[in-house]
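Chemist: Sharing a structure with you now.
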Amino acid sequence: MSIQIIVAEDHPLILMGIQHLLMEHIPSAVITTTADFNKTLAILEKQKFDLLIMDINLPGGDKVGMISMARMKQPLIPILVCSSYDEQLYALPFLKAGANGYISKTAVNEDFKLAVDQVLGGRIYASPSVMQNAFGQLFNTKSGQDSICDKLSDKELEVAKLLSKGLSTKAISNHIHLSSSSVSSYKAKIFEKLGVSNVIELTTYFELNG
């Protein structure tokens, strides 16, 4: 009997790779593809699937909220998130939101196949490093905001919050009476300490850990 899989991915080369791995691993798979989240929802409404593999940066998507929206169409569908976003930042929030697995696009092929098997088998999949992080959070009673405070100095936290609100380096410089070069230096330290590479990831970090 065929396994119906829908893959929501808007990068053609990535999509081709996922399709190849799925057909190699599950020859009986029937794969439907979509590059837009709203179209994904429309397809889920019309046809039943055994697995949804989904990027979280799809046009029309809303990151964590995408999980509940997909579940409104098919409540029991296993969902495997496959993303280039830092798994240490994103995996746990998506798993908490109801995803069955989170796999990085940088993972090796065998890990991807394992993730598919785990999720199809009704189990949760995350990389060992993510699971270790989850256990760390489980036994740490501090909130996400406390965790951020531990990582950043008071001034770095102030600058980080202003950056996450969309203020430019010059605007922050005027706001807290520091030179633009000092603000840029703080920005670089913040990115390094929190493991983010741009303001969008920083904003998401605060949204998920605030």
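We did not get these values from a lab; they are worked out from the coordinates using the rules stated. Source: prediction; values computed, not measured. Backbone-built Cβ (ideal geometry, glycine too); neighbour counts: all protein chains shown.
Chemist: Show the residues, 5+ positions off or on another chain, whose built amide H is closer than 5 Å to the amide H of residue 3.
Modeler: Result for residue 3 returns 29, 30.
Chemist: Show me the ranking of peptides 42-54, 17-29 by mean Cβ neighbours inside 10 Å, starting with the highest.
Modeler: 42-54, 17-29
Chemist: Quick one: compute the contact order of segment 144-209, relative version, from alpha carbon pairs under 8 angstrom and 6+ residues apart, as a percent.
Modeler: 40
Chemist: Taking 8 Å as the Cα distance limit and 6 or more residues as the minimum spacing, I'd like the relative contact order of the chain as a percentage.
Modeler: Relative CO of the chain lands at 14 percent.
Chemist: Where Rh denotes the Kirkwood radius from the mean inverse Cα pair distance, what is Rg over Rh for segment 1-134?
Modeler: 0.92
Chemist: To continue, here is another question. What number, rounded to the nearest 500 deg cm²/dmol, is the helix-based mean residue ellipticity at 222 nm of the chain, given -39500 (n - 2.57) per DSSP H run of at least four residues and division by all its residues?
Modeler: Computed mean residue ellipticity for the chain: -17000 deg cm²/dmol.
Chemist: Would you mind working out the magnitude of the charge dipole of the chain relative to its Cα centre, with +1 at each Lys and Arg C-beta and -1 at each Asp and Glu C-beta, to the nearest 20 Debye?
Modeler: With only Lys, Arg, Asp and Glu charged at Cβ, the dipole is about 420 debye.
Chemist: Any idea which of 188, 169, 203 is furthest toward the positive side of the dipole for segment 144-209, if Lys and Arg beta-carbons carry +1 and Asp and Glu beta-carbons -1?
Modeler: About the Cα centre, the residue reaching furthest to the positive side is 169.
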